[in-house]
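Engineer: Below is a structure I'd like to ask you about.
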Amino acid sequence: MRVFITGAAGFLGAAMARALAKDGAEVHGLIRCDSDRSALSGVAVHWHVGDVTEPKTLAGAFNGMSWIIHSAGLLGKAGLSEELYRKVNVEGTRNVMQEALATAPQPRVLDVSSSGISGTTSREPVAEDAGIAPTNPYERSKAAAEQIACEFAARGLPVVIARPGFIYGPGDRHVLKLFQAVLRGQFFYVSGGRCLSHPTFIDDAVNGMLLCLRRGRTGEPYHITGPRPVTFRELGETIARALGVRQPWITVPEWTAMLCATGLETLGRIVGRTPPLSRTGVSFFSRDRVFSWQKAHQELGYTPRRDLVPGVTITVAWYRQHGWL
């Protein structure tokens, strides 16, 4: 089994690489020349220097591969332009799919999308066919990228789509900021923290995505999320207990948080720094986003195992062991 992973040095890509190497696969990873490879220190990876936005660097890279995992992409972050999201997440996906289509024999491809492309939801978990309603540049780019994956599936490329939820766990630097804010007493609730999120521990995400590759139907999307949705209040309190600090207690109205975020974004553009709070972030904490994993359970045998308390406990222990907290 030879597997090629784009974004192999990232949090999710590295976790996939470790799991596959442990299972005996020959792992190949795409990496930019300036990327940090430390997440895969000690793991046997055949590195390919390139960039999904540069098609020439992908030429011939997939020859002899059984699987391709396309996990490279830009995560949601304040200050990034819609154009940049499209260049990396949309055109990057097109380039990967085009090269895979031209490879003989064609490898099986996993496109790592996002459950967020469904936008806000009701308080009941929504299925994959609930419709697409992205609310920000990141989600719009992932929705467009998924559409490209579906177009290539219609052209005969064996592509399966995974829509992971809000992933956290050891090695992640993106959600680390949330843990740091709770530790410093800087985390606050928007509108009481009543809205729901759907956290997914990294081990569950990896297991679900590998099941997508092994058993998923071509062109089909599968939600890969944690066992249950939780309120942001439960999330904040769980992190605080694991850290041994005071639980977050401040709550502000959504309009106040949005006004502050607008001002911070303006200041950030002036001084050239990423603001600590963005309008996209406020929207994330003030909307329900919950997703059903029953399709993945019924078709793939996926069942998330790690609930919030043990997942957060493991994550905090790892962060502290590595000096991140």
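The values are calculated or read from the model by the stated rules, or taken from the named source; none is laboratory data. The structure presented is a predicted model; accordingly, all values stated were derived computationally and were not measured. Glycine gets a Cβ as well: all are built from the backbone with ideal geometry, and neighbour counts include every protein chain shown.
Engineer: Being buried (at least 20 other Cβ atoms within 10 Å of the Cβ), of a type in the set (Gly, Ala, Ser) and touching a helix residue (DSSP H, G or I) at 6+ places or on another chain (Cβ under 7 Å) narrows it down to one of Ala143, Ala133, Ala153, so name that one.
Structural biologist: On the way: Ala133 fails: buried (at least 20 other Cβ atoms within 10 Å of the Cβ); Ala153 fails: touching a helix residue (DSSP H, G or I) at 6+ places or on another chain (Cβ under 7 Å).
Of Ala143, Ala133, Ala153, the one residue that is buried (at least 20 other Cβ atoms within 10 Å of the Cβ), of a type in the set (Gly, Ala, Ser) and touching a helix residue (DSSP H, G or I) at 6+ places or on another chain (Cβ under 7 Å) is Ala143.
Engineer: For Arg155, indicate whether it is more than 21 Å from Lys77 (Cα to Cα) and of a type in the set (Lys, Arg). Full working, then the answer.
Structural biologist: On the way: more than 21 Å from Lys77 (Cα to Cα): yes; of a type in the set (Lys, Arg): yes.
Yes.
Engineer: Out of everything in region 206-226 that is outside any loop (DSSP other than H, G, I, E, B) and touching a Gly at 6+ places or on another chain (Cβ under 8 Å), what residue ends up being farthest from Trp249 (Cα to Cα)?
Structural biologist: Applying the first criterion (outside any loop (DSSP other than H, G, I, E, B)) to region 206-226 yields 206-215, 221-224.
The next check asks that each one be touching a Gly at 6+ places or on another chain (Cβ under 8 Å); those that pass are 211, 215, 222-224.
Numbers: Leu211: 40, Arg215: 45, Tyr222: 36, His223: 32, Ile224: 31 Å.
Going through the qualifying residues, I end up with Arg215.
Engineer: Can you say whether Val159 is surrounded by 22 or more Cβ atoms within 10 Å (Cβ to Cβ), touching an Asp or Glu at 6+ places or on another chain (Cβ under 9 Å), farther than 30 Å from Glu254 by Cα and of a type outside the set (Lys, Arg), as far as the supplied structure shows?
Structural biologist: yes
Engineer: Further, regarding this structure: Please count how many residues of region 16-52 are over 23 Å from Met97 (Cβ atoms) and either among the hydrophobic types (A, V, I, L, M, F, W, C) or without any contact (Cβ under 8 Å) to a residue 24 or more places away in the chain (or both). Steps first, answer last, please.
Structural biologist: Our first condition is that a residue be over 23 Å from Met97 (Cβ atoms); within region 16-52, this holds for 18-19, 21-24, 33-34, 36-44.
If we keep only those that are either among the hydrophobic types (A, V, I, L, M, F, W, C) or without any contact (Cβ under 8 Å) to a residue 24 or more places away in the chain (or both) too, we end up with 19, 21-24, 33-34, 38-44.
Residues that pass the stated criteria total 14.
Engineer: In region 131-156, how many residues are among the aliphatic types (A, V, I, L, M) and free of Cβ contacts under 8 Å to residues at least 24 places away in the same chain? Steps first, answer last, please.
Structural biologist: Initially, region 131-156 is screened for residues among the aliphatic types (A, V, I, L, M), giving 132-133, 143-145, 148-149, 153-154.
Going one step further and asking which of them are free of Cβ contacts under 8 Å to residues at least 24 places away in the same chain, we end up with 132-133.
Total meeting the criteria: 2.
Engineer: Do any strands (runs of 3 or more DSSP E) lying entirely in region 26-112 carry at least 3 residues that are at pLDDT 95 or above and within 27 Å of Tyr222 (Cα to Cα), and which ones are they?
Structural biologist: Working: elements: 26-31, 45-49, 67-70, 108-112.
Here the list reads 26-31, 67-70, 108-112.
Engineer: I've got another one for you. Among the listed residues Thr313, Thr303, Thr256, which satisfies the condition of being closer than 21 Å to Asp203 by Cα, among the hydroxyl-bearing types (Ser, Thr, Tyr), assigned to a helix (DSSP H, G or I) and at pLDDT 90 or above? Full working, then the answer.
Structural biologist: Numbers: Thr303 fails: assigned to a helix (DSSP H, G or I); Thr256 fails: closer than 21 Å to Asp203 by Cα.
Matching residue, one of Thr313, Thr303, Thr256: Thr313.
Engineer: Additional query: Restricting the search to region 16-43, which residues are of a type outside the set (A, V, I, L, M, F, W, C), farther than 11 Å from Thr6 by Cα and surrounded by 15 or more Cβ atoms within 10 Å (Cβ to Cβ)? First the steps, then the outcome.
Structural biologist: The first filter runs over region 16-43 and keeps only residues of a type outside the set (A, V, I, L, M, F, W, C), leaving 18, 22-24, 26, 28-29, 32, 34-38, 41-42.
Now restrict to residues that are farther than 11 Å from Thr6 by Cα: 18, 22-24, 26, 34-38, 41-42.
Those that are of a type outside the set (A, V, I, L, M, F, W, C), farther than 11 Å from Thr6 by Cα and surrounded by 15 or more Cβ atoms within 10 Å (Cβ to Cβ): Arg18, Glu26, Ser35.
Engineer: Restricting region 262-304 to residues that are closer than 22 Å to Gln180 by Cα and touching a Phe, Trp or Tyr at 6+ places or on another chain (Cβ under 8 Å), which is surrounded by the most Cβ atoms within 10 Å (Cβ to Cβ)?
Structural biologist: So the residue we want is Phe285.
Engineer: Take His46 and decide whether it is surrounded by fewer than 16 Cβ atoms within 10 Å (Cβ to Cβ) and under 23 Å from Met209 (Cα atoms). Give the derivation first.
Structural biologist: Working: surrounded by fewer than 16 Cβ atoms within 10 Å (Cβ to Cβ): yes; under 23 Å from Met209 (Cα atoms): yes.
So His46 passes the test.
Engineer: If you don't mind, another one. Among the residues of region 191-198, is there at least one that is under 13 Å from the mean Cα position of the chain (by Cα) and crowded, with 19+ Cβ neighbours inside 10 Å?
Structural biologist: Taking region 191-198 as the starting set, the residues that turn out to be under 13 Å from the mean Cα position of the chain (by Cα) are 198.
In the following step, the residues that additionally are crowded, with 19+ Cβ neighbours inside 10 Å were identified as 198.
Checked against the condition, which is being under 13 Å from the mean Cα position of the chain (by Cα) and crowded, with 19+ Cβ neighbours inside 10 Å, region 191-198 yields at least one hit.
Engineer: Does any residue in region 289-302 that is over 14 Å from Glu220 (Cα atoms) come within less than 9 Å, Cβ to Cβ, of a residue that is among the charged types (D, E, K, R) and crowded, with 23+ Cβ neighbours inside 10 Å six or more places away or on a different chain, and which pairs are these?
Structural biologist: If the second residue must be among the charged types (D, E, K, R) and crowded, with 23+ Cβ neighbours inside 10 Å, the pairs left are Phe291/Arg163; Tyr302/Asp204.
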